[in-house]
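Student: Below is a structure I'd like to ask you about.
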Amino acid sequence: MSENIKEPLFNLLHSMKRSLRQAMDSDDLGITMLHMRVLKIISFKDKQVTANDIVQKTLIDKAQLARLIKELINLDYVFKLDNPTDKRSYFLGISPSGIEVVKRLTVAEERVNEIMKSGLTDQEIADFVRLAKQMAHNLNHQD
């Protein structure tokens, strides 16, 4: 029997996004979950982040990412820094208000993660993570 896994995955993703939005009360922030994902990537302090780094990590199309970055800059969550070694690119930094959004997001993600894992064994969680990674790999490396 071959189960269609698309519907349960769509339902899971939709439920997770809705739960995160509710946990963050993100409507007052003027941003979407994709904005939040980009903000989290920019907030990592261990390296300077370029738009190309975000494209590679998220697989977001460059034009869409450019719009997202512009919106985050207009909201004063992100700023650009010149790249001294490459005049064609820039580094992205996170503002104090952006840091506050990331803190709220991190707390919300932890809360939603615990809710999702509720009632599951450690082995079931490990199996799910392994299977989800394999499915993503399959989709990203199809011929």
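Student: Once Lys and Arg get +1 and Asp and Glu get -1 on their Cβ, which of 69, 113, 97 lies farthest toward the positive end of the dipole of region 6-140?
Tutor: The one lying farthest along the dipole's positive direction is 69.
Student: Place a +1 charge on the Cβ of each Lys and Arg in the chain and a -1 charge on the Cβ of each Asp and Glu, then give the dipole magnitude about the Cα centre in debye, rounded to the nearest 20.
Tutor: Charge dipole, the chain, about its Cα centre: 420 debye, nearest 20.
Student: Take residue 58, project a point 7 Å from its Cα along the Cβ direction, then tell me which residues of region 103-135 have their backbone nitrogen under 17 Å from it.
Tutor: From region 103-135, the list is 103-106, 109.
Student: Extending each Cα 7 Å along its Cβ direction at residue 107 and residue 73, get the distance between those two points in nm, one decimal.
Tutor: So the two model labels end up 3.0 nm from each other.
Student: What stretch of the chain, leaving out the sites themselves, is the longest with no trypsin sites (Lys or Arg not before Pro) in a DSSP loop having at most 13 other Cβ atoms within 10 Å?
Tutor: 89-143
Student: Give, as ranges by residue number, the residues of region 84-98 whose backbone N falls under 16 Å from the point 7 Å along Cα→Cβ of residue 41.
Tutor: Within reach of a label on residue 41, which here means backbone N under 16 Å from a point 7 Å along Cα→Cβ, region 84-98 contributes 90-94.
Student: Would you mind ranking 33, 135 by Cβ crowding within 10 Å, fewest neighbours first?
Tutor: Fewest-to-most ranking of 33, 135: 135, 33.
Student: What full-extension length gain, to one decimal in nm, is calculated for residue 123 and residue 81 as 0.36 nm per residue of separation minus the Cα-Cα distance?
Tutor: Using 0.36 nm per residue and subtracting the Cα-Cα distance, I get 10.7 nm.
Student: Something else about it: Using R₀ = 41 Å, calculate the FRET efficiency as 1/(1 + (r/R₀)^6) where r is the Cβ-Cβ separation of residue 89 and residue 3; round to 0.05.
Tutor: 0.40
Student: Can I ask one more? Fewest to most neighbouring Cβ within 10 Å: what's the order for 89, 118?
Tutor: Ascending Cβ contact count within 10 Å gives the list 118, 89.
Student: If you stretched the chain out fully between residue 33 and residue 114, how much longer would it get, using 0.36 nm times the residue separation minus the C-alpha to C-alpha distance?
Tutor: Roughly 27.3 nm would be gained on extension.
Values quoted throughout were computed directly from the atomic coordinates according to the rules given, and no laboratory measurement underlies them. From a predicted model like this one, the values you see are computed outputs, not experimental measurements. Neighbour counts run over all protein chains shown; Cβ positions are idealised from the backbone, glycine included.
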